[in-house]
Amino acid sequence: MVVGDGDSAVNVTVSGSDQSITDTNGVTPPVPKTILSGPADTKVWVYYKIKSGDAVYTLSDIFDCTPEQLKSWNRLQGNQLRVGSLLKFYVPSKRKAYYVKLNALTIAQKRNIAGTD
């Protein structure tokens, strides 16, 4: 590596829990938390009971997934949904409470949320 006048080289060490950055003088500069953040947010399954008027595309929009993911997770062949059946969605654990609350919304409220995303 060639370091120009006034520049400094940076050594990055990432092994296990040791994550450090030092320059050629051995100084550790402040590092943004996003660089040293842990693994991506874990995901959990949430269940949704199908109501009259629900549609694959609306539900995939409000649960922030694709229609293909919704169908795959629930082994659906087409866009037909059976009222009273349960669907499962794989969502970030940090937002689980939000997604669980979607069960209580009316069809109009769900369509409104889908239209604003």
Checklist outcome for this item: Contact order relative to length for the range 43-116, counting C-alpha pairs under 8 Å separated by 6 or more residues, stands in percent at 49 percent
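Could you give the size of the charge dipole of the range 43-116 about its Cα centre, using +1 on the Cβ of each K and R and -1 on the Cβ of each D and E, expressed in debye and rounded to the nearest 20?
280 debye
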Item to check | Other-chain or far-sequence residues with amide H under 5 Å of LYS43's (modelled H) | outcome: SER93
Next on the checklist: For the pairs LYS49/LYS96; LYS49/LYS101; LYS51/LYS88; LYS49/LYS71; LYS49/LYS94, flag any whose C-alpha to C-alpha distance is greater than 18 Å.
Outcome noted: LYS49/LYS94
Checklist entry - What is the sum of charges around GLY53, taking Lys and Arg as +1, Asp and Glu as -1, for the other residues whose C-beta is under 12 Å from the C-beta of GLY53? => result +2
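Readers should treat all values here as calculations from the given coordinates under stated rules, not as data from a laboratory. This structure is a prediction, so every number in the text was calculated from the model and none was measured. All Cβ positions, even for glycine, are placed from backbone atoms using ideal geometry, and neighbour counts span all protein chains on display.
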